[in-house]
1. Filter the stretch 136-170 down to the residues that are of a type in the set (D, E, K, R) and either touching a residue at least 60 places away in the same chain (Cβ under 8 Å) or at positive phi (or both) and list them by number.
2. Among the residues of the stretch 321-335, count how many are in contact (Cβ under 8 Å) with a residue 24 or more places away in the chain, surrounded by fewer than 24 Cβ atoms within 10 Å (Cβ to Cβ) and at negative phi.
3. Would you point out the residue of the stretch 98-143, among those that are among the small types (G, A, S) and part of a loop (DSSP other than H, G, I, E, B), that is most open to solvent (accessible area, probe 1.4 Å)?
4. Would you confirm whether any residue within the stretch 67-79 is under 23 Å from the mean Cα position of the chain (by Cα), more than 20 Å from I369 (Cα to Cα) and among the hydroxyl-bearing types (S, T, Y)?
5. Checking T38 against (1) modelled with pLDDT of 85 or more; (2) over 30 Å from A417 (Cβ atoms), which test does it fail?
6. Step by step: first the residues of the stretch 144-160, then only those that are aliphatic (A, V, I, L, M) and open to solvent by less than 30 Å² (accessible area, probe 1.4 Å), then the one that is farthest from L259 (Cα to Cα). Which residue is that?
7. If you check A51 against the conditions, is it crowded, with 20+ Cβ neighbours inside 10 Å, of a type outside the set (V, I, T), in a helix (DSSP H, G or I) and out of contact with any Phe, Trp or Tyr (no Cβ under 6 Å at 6 or more places or on another chain)?
8. Here is a list of conditions, (1) among the polar types (S, T, N, Q); (2) exposed (fewer than 13 other Cβ atoms within 10 Å of the Cβ); (3) at pLDDT 90 or above, and T256 meets all of them except one; can you say which number that is?
Amino acid sequence: MSTSRNGNILTNIDWPTVLMFLALSLFGWINIYGASYTYDSTGIFDFSTRAGKQFVWIVSAIVMGSVILIIDYKTYDVLAYFLYGVMLVVLLATPVFAHNVKGSYSWLTFGPVSIQPAEFAKCMTALALAKYMGRYEYKLRDWHDLLVPFSIIGVPMFIIMVLQRETGSALVFAAFLLVFYRQGMSGWVLLAGVLAAVVFILVIRFSFWPALVLLVVVFGLLIWRTWKIKRYYKWLLLVAFVVSIGYAFACNFAFTKVLQPHQRTRIEVLLGMKDDPSGAGYNVTQAKIAIGSGRFAGKGWLQGTQSQLKYVPEQDTDFIFCTVGEEWGFVGTTGVLLIYLIFILRLISIAERQRDTFSQIYCYSVACIFLVHLTINIGMVLGLLPVIGIPLPFFSYGGSSMWGFSLLLFILLRLDAARVEKLH
């Protein structure tokens, strides 16, 4: 693992990030065993169990990461568009060959192994985005400069959401909006996104009229604050207002005609429109019971009754945080969240110290993807967000998620390690 001009690459790796990766992965592995444990269970290294398989995923992820670290860092820049193109082909082919898994067509099966290409699409999209926005002549000055970047993230997002019917994985691509904002995108775009979400909730929860009142107030304030701007921009505001009204009308159509029945039910339960504790609200209700029952210090490893009796579905995948709360209590959940917080802040710090735009944009993309995954997963477990099937990074059971997150992270570590090479 040596480099040509700076001795050993091991000296340039950000080891605190690696240690946090190992800590999260190993603690997640322990909790996967706890979530699937029964009194007649075999050992944690039984490779026929989910805990045993997860250990294989972790070891293979470390091997994959080691290979990534010894590859020349320029390779990721050179092959960015090629990898993105291959990824699009795989995403398009997936619904053709995939079987129906809970309403989605997002898994490819190879014998005993199932792979979800959407987990790897985030990395390839981040590389392509960094390649395009990292060009010397590229500057984010106007909305025209966002057309291609929006297309880069929009195409795989559309394929995953519409063709594969995998809403959760598709929504993660919204994380790239935070990258655009960091690179100079106007805050008005983020405000428009928040306004769109509020209008959607108002239309679904109440009716079209409260949403219309909100739009009139918001655009009225904008026109009042920008009264002296050029007539061209006033016409743009007027067009935006008309489009917003059309969007409000479209929200109800999208909710009733586009979303799947189970997705509609989850949103209705979240917004208090429907009480379904034994149906759509069952997971969240049991998750809250499991977390609350752990109290301050938890019941102890392998002592969680909610876990042992399998009250919480998907407890070793999307709802793995329940096991942490039940068996390790407030102390354990706080510790896990603190590690995640330090981990994400470390990724942001790594992004800030990059010396070229390609590496900086890629590193910010990785940090934002982890942040969105963490926020949505914890939010849905606590009942603050709809249940959409988002894994907790390095914690949830699954080879695709473990490999996908590891791929994101180790390419970031390789690009960061290359800073010393560039100095020489």
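1. R165, E166
2. So the answer is 4.
3. Going through the qualifying residues, I end up with G111.
4. no
5. Every listed condition holds for T38 apart from (1).
6. Residue satisfying both the conditions and the ranking: L146.
7. Values: crowded, with 20+ Cβ neighbours inside 10 Å: yes; of a type outside the set (V, I, T): yes; in a helix (DSSP H, G or I): yes; out of contact with any Phe, Trp or Tyr (no Cβ under 6 Å at 6 or more places or on another chain): no.
When the stated conditions are applied, A51 does not pass them.
8. T256 satisfies all of (1) among the polar types (S, T, N, Q); (2) exposed (fewer than 13 other Cβ atoms within 10 Å of the Cβ); (3) at pLDDT 90 or above except (3).
The values are calculated or read from the model by the stated rules, or taken from the named source; none is laboratory data. This structure is a prediction, so every number in the text was calculated from the model and none was measured. Every residue, glycine as well, gets a Cβ built from its backbone with ideal geometry; the counts of neighbours run over all protein chains shown. These area figures cover heavy atoms from the full protein model, side chains too; ligands, DNA and RNA do not enter into them. Shrake-Rupley method; radii C 1.70, N 1.55, O 1.52, S 1.80 Å.
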